[in-house]
Amino acid sequence: MDKYLQIIASASLFRGIVKTEIAAVLQNLDAQLRVYPRNSFIWQLGEQVTTAGFVVAGSVHILREDYWGRQNILAQLGCGHLFGEVYACLRQGPLTVSVAAPNGATVIFLDIKRLLAGSARSEAENRLLHNLLLLMAERNLFLTQKMEYLTKRTTREKLLAYLSEQARLQQSNKLTIPFNRQQLADFLAVDRSAMSGELSKMQADGLIRYKKNNFELLQK
């Protein structure tokens with residue numbers, strides 16, 4: 001765990017908790033470190049989950065799959081992000097999503113249900129619980145934003161909405177997105193070929209310039 005202490009201490013989940021208290025908090029939450037290779041699954045649809053995952057290296061994708069195995073990326077979570085917290089708190093019913101590590105990931109699993117058990121928590125654990133509630137609120141806001149992309153009628157409208165939001169978040173008209181072409185298509189729930197064709201048309205129309213996952217938004 002010591003190797004990842006700086007990442008843990010700087011994450012939103014541990015905001016306000018000093019480094020000297022982190023080890024005790026992790027121990028109380030029965031923290032377990034696991035490493036996942038490229039293109040592996042951390043959890044799969046239908047599994048029962050009792051812990052939340054905290055990413056300390058690499059990234060994970062939250063996936064929704066249909067009966068035929070077609071995937072839609074609900075979220076991409078990088079270093080310092082938490083996943084599975086709702087399932088870990090409720091411990092009711094199987095997973096309705098899968099979690100994958102397309103580029104590999106190192107994850108610390110936390111039994112956060114212990115934070116909800118009784119009131120005999122340390123000051124650091126109370127701070128952690130406060131941060132957890134804020135993160136859940138932020139996750140809800142993110143999902144609301146994604147619904148805005150998905151309710152757009154055309155592939156171009158979805159792309160414009162997504163890229164505009166990324167430009168706002170990165171505070172620049174030059175931005176980098178965390179997806180390759182297939183992943184972006186899965187995230188926006190569109191056909192990859194149609195999306196690639198639309199990106200070319202948007203570039204020809206003077207709306208964007210792009211190379212791989214680097215984009216520049218242009219004023220006509």
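Hey, what's the chain come to in accessible area per residue, 1.4 Å probe, Å²?
55
I need the Debye-formula profile for the chain: one equal scatterer per C-alpha, no solvent, reported as log10 I(q)/I(0) at q = 0.08, 0.12 1/Å, two decimals.
Taken in order of the listed q values, log10 I(q)/I(0) reads -0.33, -0.72.
Just the number, please: carbon plus sulfur as a percent of the accessible area of the range 69-220, 1.4 Å probe, no ligands or DNA/RNA counted.
On the range 69-220, the fraction of accessible area on carbon and sulfur atoms equals 51 percent.
Of the options 103, 31, 122, report the single residue whose Cα projects farthest towards the positive end of the charge dipole of the range 15-140 (beta-carbon charges: Lys, Arg +1; Asp, Glu -1).
Looking along the dipole axis, the top candidate is 103.
Pop the C-beta distance of residue 150 and residue 20 into the FRET formula with R0 = 30 Å and round what comes out to the nearest 0.05.
In this case the efficiency is close to 0.10.
Roughly speaking, what is the stretch gain from residue 41 to residue 192, that is 0.36 nm per residue apart minus the C-alpha to C-alpha distance, in nm to one decimal?
Using 0.36 nm per residue and subtracting the Cα-Cα distance, I get 52.1 nm.
What angle do you read, to the nearest 10 degrees and between 0 and 90, between the alpha-carbon axis of helix 192-204 and the longest principal axis of the chain?
Taking Cα atoms only, the helix is inclined about 60 degrees.
Note the angle between two axes, namely the Cα long axis of helix 123-150 and the longest principal axis of the Cα atoms of the chain, as a number of degrees from 0 to 90, rounded to the nearest 10.
Result, in degrees: 20.
Taking only Cα atoms, what is the 0 to 90° angle, nearest 10, from helix 19-28's long axis to the longest principal axis of the chain?
Long axis of 19-28 versus the principal axis of the chain: about 80 degrees.
Name the lysines eligible as straight-distance cross-link partners of residue 152: C-alpha to C-alpha under 26 Å, and not fewer than 8 places from it in the same chain.
Candidates past the 8-residue exclusion: 174, 201, 211, 212, 220.
Given the C-alpha centroids of the range 152-189 and the range 199-220, what is the distance between them in whole angstrom?
Their Cα centres are 11 Å away from one another.
Give me the net charge for the shell around residue 117: Cβ to Cβ below 13 angstrom, other residues only, Lys and Arg +1, Asp and Glu -1.
So the surrounding residues net to +1.
The values are calculated or read from the model by the stated rules, or taken from the named source; none is laboratory data. Fair warning: this is a prediction, and the values are worked out from it, not measured in the lab. Cβ sites come from the backbone with ideal geometry, for glycine too, and all protein chains shown count toward neighbours. Just so you know, the surface numbers come from the protein's heavy atoms only, side chains and all, with ligands and any DNA or RNA stripped out. Shrake-Rupley method; radii C 1.70, N 1.55, O 1.52, S 1.80 Å.
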